[in-house]
1. Using the C-alpha gyration tensor of the stretch 395-438, what are the square roots of 5 times its eigenvalues, in whole angstrom, with the largest one first?
2. Give the Cα extents of the chain along the principal axes, in whole Å, largest first.
3. Set the Förster radius R0 to 56 Å, insert the Cβ-Cβ distance between E75 and Q202 as r into 1/(1 + (r/R0)^6), and round the FRET efficiency to 0.05.
4. On a 0 to 90 degree scale, rounded to 10, what angle separates helix 320-330 from the longest Cα axis of the chain?
5. May I ask you to compute the full-extension gain from L555 to N494, defined as 0.36 nm times their residue separation minus their alpha-carbon distance, rounded to one decimal in nm?
6. Do any trypsin sites (Lys or Arg not before Pro) in the stretch 230-289 lie in a loop, going by DSSP, with at most 11 other beta-carbon atoms within 10 Å of their beta carbon, and if so which?
7. Given only helices, namely DSSP H runs of n ≥ 4 each adding -39500 (n - 2.57), what is the per-residue ellipticity at 222 nm of the chain, to the nearest 500 deg cm²/dmol?
8. Using 0.36 nm times the number of residues separating K262 and E284, minus their current alpha carbon distance, what extension gain do you get?
Amino acid sequence: LYASIVRYTGLTLLYVGMKATFFVTAALMAVSSLAGFSSAPIRVGIVFWAFSLILIVGGRVAARMFLSRRNPDREPVIVYGAGQGGAQLISALVDGDDYLPVALIDDNPMYFGKRIHELKVYSPDELGRLIKTTQSRRILLALPSASRRARRKVLERLSEFPVRVMTMPDVRDIVTGKARVDDISDVEVKELLGRDPVPPIQQLLDSCIKGKNVLVTGAGGSIGAELCRQIFKLRPAKLVLLELSENALYRVERRLRKQASKMAAPCEIVPLLGSVHHKRRMFEIMRAFGIQSVYHAAAYKHVPIVEQNLFEGIHNNIFGTWYTMQAAIDADVESFVLISTDKAVNPTSVMGATKRFAELVLQAHNELDHSTRICMVRFGNVLESSGSVVPLFKEQIRSGGPVTVTHRDIVRYFMTIPEAAQLVIQAGAMAHGGDVFVLDMGKPVKIDDLARRMINLMGCTVRDDDNPDGDIEIQYTGLRPAEKLYEELLIGSNVSGTEHPRILRADEDYLSLDVLSRYLRDLEAASEVLNYAHARDVLLNAVLEYTPDNGVDDLVWLNQAGAQSGQPSERVVDFPRKPN
(Lines give C-alpha, C1' and ligand atoms only; values in the text may rest on other atoms or scores of the structure.)
Protein backbone atom coordinates (compact mmCIF):
# COMPACT_ATOMS: atom_id res chain seq x y z
CA LEU A 1 0.00 0.00 0.00
CA TYR A 2 2.76 2.41 0.87
CA ALA A 3 4.65 1.52 -2.33
CA SER A 4 1.98 3.26 -4.45
CA ILE A 5 1.85 7.01 -5.01
CA VAL A 6 -1.52 8.15 -3.70
CA ARG A 7 -1.99 10.87 -6.32
CA TYR A 8 -1.83 8.35 -9.19
CA THR A 9 -3.67 5.39 -7.67
CA GLY A 10 -6.65 3.98 -9.53
CA LEU A 11 -8.90 0.93 -9.28
CA THR A 12 -5.90 -1.23 -8.41
CA LEU A 13 -5.91 0.49 -5.01
CA LEU A 14 -9.19 -1.26 -4.17
CA TYR A 15 -7.81 -4.65 -5.18
CA VAL A 16 -4.58 -4.18 -3.22
CA GLY A 17 -6.49 -2.84 -0.18
CA MET A 18 -8.94 -5.75 -0.18
CA LYS A 19 -6.12 -8.26 -0.46
CA ALA A 20 -4.03 -6.64 2.29
CA THR A 21 -6.88 -6.21 4.77
CA PHE A 22 -8.15 -9.74 4.09
CA PHE A 23 -4.85 -11.40 4.95
CA VAL A 24 -4.36 -9.21 8.03
CA THR A 25 -7.92 -9.96 9.18
CA ALA A 26 -7.42 -13.71 8.66
CA ALA A 27 -4.18 -13.64 10.65
CA LEU A 28 -5.80 -11.67 13.52
CA MET A 29 -8.81 -14.00 13.57
CA ALA A 30 -6.54 -17.02 13.77
CA VAL A 31 -4.46 -15.55 16.60
CA SER A 32 -7.51 -14.36 18.57
CA SER A 33 -9.21 -17.73 18.15
CA LEU A 34 -6.16 -19.67 19.34
CA ALA A 35 -5.56 -17.28 22.25
CA GLY A 36 -9.23 -17.14 23.23
CA PHE A 37 -9.37 -13.34 23.00
CA SER A 38 -12.87 -13.32 21.50
CA SER A 39 -15.91 -15.50 21.76
CA ALA A 40 -17.09 -14.47 18.28
CA PRO A 41 -13.94 -14.14 16.10
CA ILE A 42 -15.87 -14.33 12.79
CA ARG A 43 -18.14 -11.37 13.54
CA VAL A 44 -15.29 -9.36 14.97
CA GLY A 45 -13.15 -10.22 11.93
CA ILE A 46 -15.84 -9.09 9.48
CA VAL A 47 -16.28 -5.77 11.30
CA PHE A 48 -12.53 -5.30 11.52
CA TRP A 49 -12.06 -6.09 7.82
CA ALA A 50 -14.86 -3.70 6.75
CA PHE A 51 -13.63 -0.78 8.84
CA SER A 52 -10.00 -1.39 7.81
CA LEU A 53 -10.95 -1.40 4.13
CA ILE A 54 -13.00 1.78 4.47
CA LEU A 55 -10.33 3.66 6.37
CA ILE A 56 -7.32 2.50 4.36
CA VAL A 57 -8.80 2.66 0.86
CA GLY A 58 -11.25 5.47 1.53
CA GLY A 59 -8.59 7.63 3.11
CA ARG A 60 -6.34 7.25 0.10
CA VAL A 61 -9.20 7.97 -2.32
CA ALA A 62 -10.05 11.13 -0.39
CA ALA A 63 -6.39 12.17 -0.45
CA ARG A 64 -6.23 11.52 -4.18
CA MET A 65 -9.31 13.69 -4.81
CA PHE A 66 -7.81 16.48 -2.70
CA LEU A 67 -4.44 16.30 -4.39
CA SER A 68 -5.93 16.24 -7.90
CA ARG A 69 -7.83 19.48 -7.30
CA ARG A 70 -5.53 21.39 -4.99
CA ASN A 71 -3.62 23.23 -7.78
CA PRO A 72 -5.38 26.62 -8.03
CA ASP A 73 -3.65 27.40 -11.32
CA ARG A 74 -5.31 24.60 -13.25
CA GLU A 75 -7.51 25.88 -16.04
CA PRO A 76 -11.15 24.74 -16.00
CA VAL A 77 -12.11 22.98 -19.22
CA ILE A 78 -15.21 21.39 -20.67
CA VAL A 79 -14.83 17.99 -22.34
CA TYR A 80 -17.01 17.31 -25.40
CA GLY A 81 -17.62 13.58 -25.76
CA ALA A 82 -18.78 11.22 -23.02
CA GLY A 83 -17.65 8.01 -24.68
CA GLN A 84 -14.55 5.97 -23.99
CA GLY A 85 -12.30 8.69 -25.39
CA GLY A 86 -13.83 11.29 -23.07
CA ALA A 87 -13.50 9.02 -20.04
CA GLN A 88 -9.84 8.31 -20.82
CA LEU A 89 -9.13 12.00 -21.40
CA ILE A 90 -10.72 13.04 -18.08
CA SER A 91 -8.77 10.36 -16.22
CA ALA A 92 -5.54 11.60 -17.76
CA LEU A 93 -6.32 15.27 -17.09
CA VAL A 94 -7.24 14.69 -13.45
CA ASP A 95 -3.70 13.44 -12.80
CA GLY A 96 -2.11 16.33 -14.68
CA ASP A 97 -1.19 19.84 -13.66
CA ASP A 98 -2.63 21.92 -16.52
CA TYR A 99 -6.37 21.36 -16.94
CA LEU A 100 -9.26 20.63 -14.56
CA PRO A 101 -12.32 19.01 -16.21
CA VAL A 102 -15.48 20.67 -14.86
CA ALA A 103 -18.23 19.37 -17.17
CA LEU A 104 -19.01 16.86 -19.88
CA ILE A 105 -21.00 17.47 -23.07
CA ASP A 106 -22.41 14.80 -25.37
CA ASP A 107 -24.93 14.61 -28.22
CA ASN A 108 -26.39 11.29 -27.07
CA PRO A 109 -29.51 11.81 -24.88
CA MET A 110 -28.79 8.49 -23.15
CA TYR A 111 -25.86 10.13 -21.35
CA PHE A 112 -27.69 13.25 -20.16
CA GLY A 113 -27.64 13.51 -16.36
CA LYS A 114 -25.25 10.58 -15.95
CA ARG A 115 -21.85 10.96 -14.30
CA ILE A 116 -18.46 9.88 -15.58
CA HIS A 117 -15.54 10.30 -13.21
CA GLU A 118 -17.87 12.39 -11.02
CA LEU A 119 -18.58 14.79 -13.87
CA LYS A 120 -22.19 15.29 -14.94
CA VAL A 121 -23.01 14.92 -18.63
CA TYR A 122 -24.95 17.82 -20.17
CA SER A 123 -26.72 18.47 -23.45
CA PRO A 124 -25.00 20.67 -26.06
CA ASP A 125 -27.90 23.11 -25.61
CA GLU A 126 -26.53 23.98 -22.16
CA LEU A 127 -23.06 24.80 -23.45
CA GLY A 128 -23.50 28.58 -23.31
CA ARG A 129 -24.64 28.45 -19.69
CA LEU A 130 -21.83 26.08 -18.70
CA ILE A 131 -19.19 28.34 -20.24
CA LYS A 132 -20.44 31.23 -18.08
CA THR A 133 -20.91 29.30 -14.83
CA THR A 134 -17.64 27.37 -15.00
CA GLN A 135 -15.70 30.28 -16.54
CA SER A 136 -14.18 27.83 -19.01
CA ARG A 137 -12.30 29.35 -21.94
CA ARG A 138 -11.35 26.04 -23.50
CA ILE A 139 -13.26 23.01 -24.81
CA LEU A 140 -11.48 19.71 -25.35
CA LEU A 141 -12.94 17.61 -28.15
CA ALA A 142 -12.87 13.92 -27.20
CA LEU A 143 -14.22 12.27 -30.36
CA PRO A 144 -11.20 10.23 -31.51
CA SER A 145 -13.19 7.73 -33.58
CA ALA A 146 -15.87 10.04 -34.99
CA SER A 147 -16.12 10.61 -38.74
CA ARG A 148 -14.99 13.88 -40.26
CA ARG A 149 -18.58 14.79 -41.03
CA ALA A 150 -19.64 14.31 -37.40
CA ARG A 151 -16.64 16.26 -36.12
CA ARG A 152 -17.33 19.07 -38.60
CA LYS A 153 -20.91 19.44 -37.33
CA VAL A 154 -19.67 19.65 -33.74
CA LEU A 155 -17.01 22.22 -34.68
CA GLU A 156 -19.55 24.34 -36.54
CA ARG A 157 -21.64 24.41 -33.37
CA LEU A 158 -18.67 25.22 -31.16
CA SER A 159 -17.49 28.00 -33.48
CA GLU A 160 -20.44 30.08 -32.26
CA PHE A 161 -18.85 30.39 -28.81
CA PRO A 162 -15.73 32.43 -27.91
CA VAL A 163 -13.81 29.43 -26.54
CA ARG A 164 -10.64 27.80 -27.73
CA VAL A 165 -11.35 24.34 -29.09
CA MET A 166 -8.69 21.65 -28.81
CA THR A 167 -8.80 17.96 -29.66
CA MET A 168 -7.35 14.68 -28.49
CA PRO A 169 -5.43 12.47 -30.97
CA ASP A 170 -7.03 10.05 -33.36
CA VAL A 171 -7.80 6.66 -31.81
CA ARG A 172 -5.48 4.93 -34.32
CA ASP A 173 -2.55 7.05 -33.18
CA ILE A 174 -3.34 6.22 -29.55
CA VAL A 175 -3.54 2.48 -30.26
CA THR A 176 -0.29 2.44 -32.25
CA GLY A 177 1.52 4.45 -29.60
CA LYS A 178 2.13 7.50 -31.78
CA ALA A 179 0.28 9.70 -29.30
CA ARG A 180 -1.03 9.71 -25.74
CA VAL A 181 -4.62 10.34 -24.73
CA ASP A 182 -3.71 13.69 -23.19
CA ASP A 183 -1.70 14.93 -26.19
CA ILE A 184 -4.28 17.60 -26.92
CA SER A 185 -3.67 20.14 -29.65
CA ASP A 186 -5.45 22.92 -31.54
CA VAL A 187 -8.17 21.85 -33.93
CA GLU A 188 -6.92 21.77 -37.50
CA VAL A 189 -8.96 23.76 -39.98
CA LYS A 190 -9.11 20.70 -42.23
CA GLU A 191 -11.48 19.20 -39.63
CA LEU A 192 -13.77 22.18 -40.15
CA LEU A 193 -13.59 22.05 -43.96
CA GLY A 194 -12.55 18.49 -44.74
CA ARG A 195 -14.77 15.67 -45.92
CA ASP A 196 -14.94 11.99 -45.07
CA PRO A 197 -12.37 10.39 -47.38
CA VAL A 198 -13.53 8.04 -50.11
CA PRO A 199 -11.53 4.80 -49.97
CA PRO A 200 -9.04 4.78 -52.86
CA ILE A 201 -9.22 2.23 -55.63
CA GLN A 202 -6.00 0.32 -55.07
CA GLN A 203 -5.73 -0.80 -58.68
CA LEU A 204 -5.69 2.84 -59.81
CA LEU A 205 -3.08 3.75 -57.19
CA ASP A 206 -0.75 0.94 -58.25
CA SER A 207 -1.23 1.25 -62.02
CA CYS A 208 1.34 3.99 -62.73
CA ILE A 209 3.45 3.60 -59.58
CA LYS A 210 4.11 0.14 -58.21
CA GLY A 211 7.41 -1.28 -59.42
CA LYS A 212 7.96 1.64 -61.84
CA ASN A 213 10.41 4.52 -62.16
CA VAL A 214 8.60 7.73 -61.25
CA LEU A 215 9.61 11.38 -61.63
CA VAL A 216 8.01 14.21 -59.63
CA THR A 217 8.87 17.77 -60.70
CA GLY A 218 8.49 20.48 -58.08
CA ALA A 219 9.04 17.74 -55.51
CA GLY A 220 9.66 20.21 -52.69
CA GLY A 221 6.37 22.12 -53.02
CA SER A 222 3.18 21.49 -51.05
CA ILE A 223 1.57 19.18 -53.61
CA GLY A 224 4.86 17.79 -54.92
CA ALA A 225 6.08 16.73 -51.46
CA GLU A 226 2.78 15.04 -50.64
CA LEU A 227 2.82 13.27 -54.02
CA CYS A 228 6.30 11.99 -53.19
CA ARG A 229 5.18 10.67 -49.79
CA GLN A 230 2.19 8.86 -51.20
CA ILE A 231 4.04 7.53 -54.25
CA PHE A 232 6.79 6.24 -51.95
CA LYS A 233 4.24 4.23 -49.93
CA LEU A 234 3.11 2.50 -53.15
CA ARG A 235 6.63 1.09 -53.59
CA PRO A 236 7.91 2.29 -56.96
CA ALA A 237 11.19 0.86 -58.14
CA LYS A 238 12.75 4.33 -58.26
CA LEU A 239 11.54 7.78 -57.21
CA VAL A 240 13.29 10.76 -58.80
CA LEU A 241 12.79 14.11 -57.07
CA LEU A 242 13.38 17.20 -59.22
CA GLU A 243 13.39 20.53 -57.38
CA LEU A 244 14.80 23.99 -58.07
CA SER A 245 15.12 24.94 -54.37
CA GLU A 246 18.02 23.27 -52.59
CA ASN A 247 16.42 23.64 -49.15
CA ALA A 248 13.08 22.23 -50.29
CA LEU A 249 14.83 19.27 -51.95
CA TYR A 250 16.80 18.59 -48.76
CA ARG A 251 13.63 18.60 -46.64
CA VAL A 252 11.60 16.25 -48.81
CA GLU A 253 14.53 13.86 -49.29
CA ARG A 254 15.17 13.73 -45.52
CA ARG A 255 11.50 12.89 -44.82
CA LEU A 256 11.53 10.14 -47.41
CA ARG A 257 14.81 8.69 -46.08
CA LYS A 258 13.28 8.60 -42.61
CA GLN A 259 10.22 6.88 -44.03
CA ALA A 260 12.45 4.43 -45.92
CA SER A 261 14.23 3.39 -42.71
CA LYS A 262 10.97 1.86 -41.49
CA MET A 263 10.33 -0.14 -44.66
CA ALA A 264 11.60 -3.63 -45.35
CA ALA A 265 12.43 -3.00 -49.01
CA PRO A 266 12.41 0.75 -49.73
CA CYS A 267 12.71 2.06 -53.26
CA GLU A 268 15.67 4.02 -54.56
CA ILE A 269 15.44 7.78 -53.95
CA VAL A 270 17.17 10.08 -56.45
CA PRO A 271 17.27 13.78 -55.42
CA LEU A 272 18.06 16.11 -58.34
CA LEU A 273 18.52 19.85 -58.40
CA GLY A 274 17.28 21.35 -61.63
CA SER A 275 14.78 23.45 -63.51
CA VAL A 276 12.10 22.34 -65.92
CA HIS A 277 13.32 25.20 -68.16
CA HIS A 278 16.28 23.04 -69.19
CA LYS A 279 14.80 21.01 -72.00
CA ARG A 280 17.90 18.92 -72.71
CA ARG A 281 18.42 18.10 -69.04
CA MET A 282 14.80 16.98 -68.67
CA PHE A 283 15.27 14.53 -71.50
CA GLU A 284 18.57 13.27 -70.08
CA ILE A 285 16.98 12.73 -66.66
CA MET A 286 14.13 10.69 -68.08
CA ARG A 287 16.42 8.62 -70.28
CA ALA A 288 19.11 8.07 -67.63
CA PHE A 289 16.67 6.80 -65.00
CA GLY A 290 14.24 5.04 -67.33
CA ILE A 291 11.29 7.15 -66.18
CA GLN A 292 7.89 5.58 -66.80
CA SER A 293 5.54 8.01 -65.00
CA VAL A 294 5.88 11.80 -64.64
CA TYR A 295 3.91 13.99 -62.22
CA HIS A 296 4.54 17.60 -63.22
CA ALA A 297 3.90 19.75 -60.13
CA ALA A 298 6.54 22.43 -60.81
CA ALA A 299 4.74 25.76 -61.28
CA TYR A 300 4.43 29.29 -59.97
CA LYS A 301 0.98 29.57 -58.40
CA HIS A 302 0.70 32.78 -56.36
CA VAL A 303 -1.57 35.10 -58.34
CA PRO A 304 -0.15 38.52 -57.29
CA ILE A 305 3.49 37.41 -57.58
CA VAL A 306 3.07 35.94 -61.07
CA GLU A 307 1.09 39.02 -62.10
CA GLN A 308 4.11 41.15 -61.15
CA ASN A 309 6.64 38.80 -62.80
CA LEU A 310 5.05 38.04 -66.14
CA PHE A 311 7.92 36.38 -67.99
CA GLU A 312 8.90 34.17 -65.06
CA GLY A 313 5.33 32.90 -64.97
CA ILE A 314 5.43 32.25 -68.72
CA HIS A 315 8.80 30.50 -68.55
CA ASN A 316 7.90 28.26 -65.63
CA ASN A 317 4.25 27.50 -66.24
CA ILE A 318 4.21 27.36 -70.06
CA PHE A 319 7.71 26.64 -71.33
CA GLY A 320 8.52 24.44 -68.33
CA THR A 321 5.44 22.31 -68.98
CA TRP A 322 6.13 22.22 -72.73
CA TYR A 323 9.76 21.15 -72.31
CA THR A 324 8.96 18.53 -69.68
CA MET A 325 6.13 17.07 -71.72
CA GLN A 326 8.27 17.03 -74.90
CA ALA A 327 11.07 15.29 -73.01
CA ALA A 328 8.57 12.69 -71.76
CA ILE A 329 7.36 12.02 -75.29
CA ASP A 330 10.92 11.75 -76.65
CA ALA A 331 11.91 9.40 -73.81
CA ASP A 332 8.84 7.17 -74.37
CA VAL A 333 7.46 7.80 -70.87
CA GLU A 334 4.24 5.86 -70.30
CA SER A 335 2.18 8.55 -68.55
CA PHE A 336 2.49 12.31 -68.01
CA VAL A 337 0.24 14.08 -65.48
CA LEU A 338 0.06 17.88 -65.18
CA ILE A 339 -1.10 19.36 -61.88
CA SER A 340 -3.39 22.20 -62.95
CA THR A 341 -5.64 24.64 -61.08
CA ASP A 342 -9.15 26.01 -60.99
CA LYS A 343 -7.65 29.42 -61.79
CA ALA A 344 -7.08 28.15 -65.35
CA VAL A 345 -10.84 28.28 -65.92
CA ASN A 346 -11.97 31.65 -67.31
CA PRO A 347 -8.78 33.22 -65.99
CA THR A 348 -8.45 36.87 -65.02
CA SER A 349 -4.80 36.61 -63.99
CA VAL A 350 -1.49 35.89 -65.70
CA MET A 351 -1.08 32.84 -63.48
CA GLY A 352 -4.44 31.41 -64.55
CA ALA A 353 -3.79 32.24 -68.21
CA THR A 354 -0.37 30.54 -68.17
CA LYS A 355 -1.81 27.42 -66.54
CA ARG A 356 -4.60 27.27 -69.12
CA PHE A 357 -2.02 27.76 -71.87
CA ALA A 358 -0.08 24.84 -70.38
CA GLU A 359 -3.24 22.72 -70.58
CA LEU A 360 -3.64 23.71 -74.24
CA VAL A 361 -0.04 22.64 -74.90
CA LEU A 362 -0.78 19.17 -73.56
CA GLN A 363 -4.08 18.84 -75.39
CA ALA A 364 -2.56 19.90 -78.72
CA HIS A 365 0.48 17.60 -78.44
CA ASN A 366 -1.79 14.69 -77.77
CA GLU A 367 -2.48 14.76 -81.53
CA LEU A 368 1.06 13.57 -82.23
CA ASP A 369 1.80 9.92 -82.84
CA HIS A 370 3.43 8.83 -79.58
CA SER A 371 2.91 6.30 -76.80
CA THR A 372 2.79 8.72 -73.85
CA ARG A 373 -0.60 9.08 -72.17
CA ILE A 374 -0.96 12.78 -71.40
CA CYS A 375 -3.51 14.20 -68.98
CA MET A 376 -4.05 17.09 -66.61
CA VAL A 377 -5.80 17.19 -63.22
CA ARG A 378 -7.53 20.41 -62.23
CA PHE A 379 -8.51 21.29 -58.65
CA GLY A 380 -8.82 24.24 -56.27
CA ASN A 381 -6.98 25.38 -53.16
CA VAL A 382 -5.38 22.90 -50.81
CA LEU A 383 -5.37 23.48 -47.06
CA GLU A 384 -2.10 24.37 -45.33
CA SER A 385 -0.22 24.82 -48.61
CA SER A 386 2.30 27.63 -48.90
CA GLY A 387 0.47 30.90 -49.49
CA SER A 388 -2.88 29.51 -48.35
CA VAL A 389 -5.12 31.77 -46.27
CA VAL A 390 -5.32 29.21 -43.46
CA PRO A 391 -1.73 29.50 -42.13
CA LEU A 392 -1.90 33.26 -42.75
CA PHE A 393 -5.05 33.58 -40.64
CA LYS A 394 -3.50 31.47 -37.86
CA GLU A 395 -0.45 33.69 -37.77
CA GLN A 396 -2.55 36.86 -37.72
CA ILE A 397 -4.81 35.57 -34.92
CA ARG A 398 -1.87 34.49 -32.75
CA SER A 399 -0.27 37.92 -33.16
CA GLY A 400 -3.47 39.67 -32.08
CA GLY A 401 -4.81 40.60 -35.51
CA PRO A 402 -6.05 42.12 -37.62
CA VAL A 403 -7.13 39.28 -39.89
CA THR A 404 -7.07 40.45 -43.52
CA VAL A 405 -9.77 39.35 -45.95
CA THR A 406 -9.77 40.75 -49.47
CA HIS A 407 -13.56 40.87 -49.89
CA ARG A 408 -16.64 40.04 -47.82
CA ASP A 409 -18.10 37.84 -50.58
CA ILE A 410 -14.99 36.03 -51.82
CA VAL A 411 -15.32 32.24 -51.89
CA ARG A 412 -12.88 29.43 -52.58
CA TYR A 413 -12.85 25.65 -52.91
CA PHE A 414 -10.68 23.73 -50.45
CA MET A 415 -9.27 20.22 -50.26
CA THR A 416 -6.71 18.61 -47.99
CA ILE A 417 -3.27 18.02 -49.50
CA PRO A 418 -3.30 14.22 -48.91
CA GLU A 419 -6.72 13.83 -50.56
CA ALA A 420 -5.66 15.94 -53.56
CA ALA A 421 -2.43 13.97 -54.05
CA GLN A 422 -4.23 10.64 -53.78
CA LEU A 423 -6.86 11.67 -56.32
CA VAL A 424 -4.17 12.96 -58.72
CA ILE A 425 -2.47 9.56 -58.70
CA GLN A 426 -5.75 7.76 -59.35
CA ALA A 427 -6.80 10.18 -62.09
CA GLY A 428 -3.50 9.66 -63.91
CA ALA A 429 -4.19 5.95 -64.07
CA MET A 430 -7.48 6.53 -65.92
CA ALA A 431 -6.00 8.68 -68.69
CA HIS A 432 -6.44 7.73 -72.33
CA GLY A 433 -4.65 10.77 -73.77
CA GLY A 434 -5.42 14.47 -73.64
CA ASP A 435 -7.83 14.03 -70.71
CA VAL A 436 -8.84 16.91 -68.47
CA PHE A 437 -9.73 15.54 -65.05
CA VAL A 438 -11.56 17.70 -62.53
CA LEU A 439 -11.62 16.81 -58.84
CA ASP A 440 -14.85 17.12 -56.91
CA MET A 441 -14.00 19.89 -54.44
CA GLY A 442 -17.30 19.83 -52.57
CA LYS A 443 -18.98 23.10 -51.61
CA PRO A 444 -17.16 26.42 -51.89
CA VAL A 445 -16.27 28.16 -48.64
CA LYS A 446 -16.85 31.84 -47.91
CA ILE A 447 -13.50 33.19 -46.71
CA ASP A 448 -15.12 35.72 -44.37
CA ASP A 449 -17.00 32.91 -42.59
CA LEU A 450 -13.80 30.87 -42.42
CA ALA A 451 -11.94 33.75 -40.76
CA ARG A 452 -14.68 34.24 -38.16
CA ARG A 453 -14.83 30.55 -37.30
CA MET A 454 -11.07 30.33 -36.94
CA ILE A 455 -11.07 33.35 -34.62
CA ASN A 456 -13.74 31.77 -32.40
CA LEU A 457 -12.19 28.29 -32.41
CA MET A 458 -8.91 29.79 -31.21
CA GLY A 459 -10.67 31.28 -28.19
CA CYS A 460 -11.04 34.88 -29.41
CA THR A 461 -13.94 37.08 -30.42
CA VAL A 462 -14.41 39.20 -33.53
CA ARG A 463 -14.18 42.94 -32.95
CA ASP A 464 -16.73 44.79 -35.08
CA ASP A 465 -19.55 47.33 -34.73
CA ASP A 466 -21.74 44.82 -32.91
CA ASN A 467 -18.92 43.84 -30.53
CA PRO A 468 -16.49 46.77 -30.12
CA ASP A 469 -14.76 45.03 -27.19
CA GLY A 470 -13.83 41.94 -29.23
CA ASP A 471 -10.30 40.58 -29.54
CA ILE A 472 -9.56 40.35 -33.28
CA GLU A 473 -10.56 42.77 -36.01
CA ILE A 474 -11.27 41.66 -39.58
CA GLN A 475 -10.01 44.13 -42.19
CA TYR A 476 -11.25 44.02 -45.79
CA THR A 477 -8.34 45.00 -48.02
CA GLY A 478 -10.02 44.80 -51.44
CA LEU A 479 -9.39 42.36 -54.27
CA ARG A 480 -5.80 42.20 -55.44
CA PRO A 481 -4.96 42.77 -59.12
CA ALA A 482 -6.38 39.96 -61.28
CA GLU A 483 -8.03 38.24 -58.28
CA LYS A 484 -11.49 36.68 -58.75
CA LEU A 485 -14.40 36.58 -56.32
CA TYR A 486 -15.41 33.10 -57.43
CA GLU A 487 -13.39 30.21 -58.80
CA GLU A 488 -14.67 27.71 -61.37
CA LEU A 489 -13.57 24.21 -62.29
CA LEU A 490 -15.13 23.65 -65.71
CA ILE A 491 -14.97 25.36 -69.09
CA GLY A 492 -18.44 24.68 -70.40
CA SER A 493 -20.69 21.95 -69.05
CA ASN A 494 -19.59 18.84 -70.95
CA VAL A 495 -18.49 16.60 -68.10
CA SER A 496 -18.81 12.90 -67.35
CA GLY A 497 -18.07 10.58 -64.46
CA THR A 498 -15.23 8.10 -64.05
CA GLU A 499 -14.50 5.00 -62.02
CA HIS A 500 -13.88 7.20 -58.99
CA PRO A 501 -16.84 9.14 -57.50
CA ARG A 502 -14.73 12.26 -56.89
CA ILE A 503 -12.97 12.41 -60.25
CA LEU A 504 -14.75 13.83 -63.30
CA ARG A 505 -13.64 13.94 -66.92
CA ALA A 506 -14.24 17.20 -68.82
CA ASP A 507 -14.48 17.52 -72.61
CA GLU A 508 -13.27 20.95 -73.66
CA ASP A 509 -12.27 22.68 -76.90
CA TYR A 510 -8.58 23.22 -77.56
CA LEU A 511 -6.19 24.61 -80.18
CA SER A 512 -4.79 22.51 -82.99
CA LEU A 513 -1.09 21.76 -82.84
CA ASP A 514 -0.32 24.01 -85.82
CA VAL A 515 -2.07 26.98 -84.25
CA LEU A 516 -0.58 26.37 -80.83
CA SER A 517 2.92 26.10 -82.29
CA ARG A 518 2.55 29.57 -83.80
CA TYR A 519 1.58 30.96 -80.40
CA LEU A 520 4.52 29.23 -78.75
CA ARG A 521 6.90 30.72 -81.32
CA ASP A 522 5.40 34.16 -80.69
CA LEU A 523 5.88 33.72 -76.94
CA GLU A 524 9.48 32.65 -77.44
CA ALA A 525 10.14 35.69 -79.63
CA ALA A 526 8.58 38.01 -77.05
CA SER A 527 10.57 36.33 -74.30
CA GLU A 528 13.90 36.77 -76.06
CA VAL A 529 13.52 40.56 -76.15
CA LEU A 530 11.33 40.85 -73.02
CA ASN A 531 8.45 42.40 -74.96
CA TYR A 532 5.82 42.48 -72.23
CA ALA A 533 3.01 43.91 -74.33
CA HIS A 534 3.45 41.33 -77.08
CA ALA A 535 3.61 38.45 -74.58
CA ARG A 536 0.34 39.61 -73.10
CA ASP A 537 -1.16 39.84 -76.59
CA VAL A 538 -0.28 36.20 -77.19
CA LEU A 539 -1.90 35.13 -73.90
CA LEU A 540 -5.05 37.09 -74.77
CA ASN A 541 -5.31 35.50 -78.22
CA ALA A 542 -4.39 31.95 -77.24
CA VAL A 543 -6.55 31.75 -74.12
CA LEU A 544 -9.91 33.01 -75.30
CA GLU A 545 -11.40 32.83 -71.80
CA TYR A 546 -8.67 35.14 -70.42
CA THR A 547 -10.49 38.34 -69.39
CA PRO A 548 -8.17 40.55 -67.31
CA ASP A 549 -9.43 43.80 -65.86
CA ASN A 550 -5.94 45.28 -65.53
CA GLY A 551 -3.03 46.12 -67.78
CA VAL A 552 0.51 44.77 -67.57
CA ASP A 553 1.43 44.82 -63.86
CA ASP A 554 4.95 43.42 -64.21
CA LEU A 555 7.13 45.41 -61.80
CA VAL A 556 10.01 45.75 -64.26
CA TRP A 557 7.65 46.89 -67.00
CA LEU A 558 6.01 49.48 -64.74
CA ASN A 559 9.37 50.93 -63.78
CA GLN A 560 10.65 51.25 -67.31
CA ALA A 561 10.61 54.72 -68.82
CA GLY A 562 7.31 55.40 -70.55
CA ALA A 563 5.74 52.10 -69.55
CA GLN A 564 2.97 53.85 -67.66
CA SER A 565 1.63 55.22 -70.92
CA GLY A 566 1.16 51.75 -72.39
CA GLN A 567 -2.42 50.90 -73.25
CA PRO A 568 -4.09 47.58 -72.34
CA SER A 569 -3.78 45.00 -75.10
CA GLU A 570 -6.68 44.16 -77.37
CA ARG A 571 -7.71 40.64 -78.23
CA VAL A 572 -7.20 39.59 -81.84
CA VAL A 573 -9.00 36.30 -82.43
CA ASP A 574 -7.76 34.85 -85.71
CA PHE A 575 -7.05 31.19 -84.93
CA PRO A 576 -9.72 28.48 -84.76
CA ARG A 577 -10.15 25.97 -81.96
CA LYS A 578 -10.64 22.24 -82.17
CA PRO A 579 -13.50 20.54 -80.33
CA ASN A 580 -12.25 17.83 -78.01
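The values are calculated or read from the model by the stated rules, or taken from the named source; none is laboratory data. The structure displayed is predicted, hence computed values, not measured ones. Counting neighbours? That spans all protein chains shown, and the Cβs are built from the backbone with ideal geometry, glycine included. Side chains are part of the model used for accessible areas, which takes the heavy atoms of the whole protein and leaves out ligands, DNA and RNA. Shrake-Rupley method; radii C 1.70, N 1.55, O 1.52, S 1.80 Å.
1. 36, 14, 6
2. Its Cα atoms span 118, 61, 41 Å along the three principal axes.
3. So, using R0 = 56 Å, E works out to roughly 0.75.
4. Approximately 80 degrees, to the nearest 10.
5. That works out to 18.1 nm of additional length.
6. Counting only loop positions with at most 11 other Cβ atoms within 10 Å, the trypsin sites (Lys or Arg not before Pro) in the stretch 230-289 are K262.
7. Result for the chain: -12500 deg cm²/dmol, rounded to the nearest 500.
8. 4.7 nm
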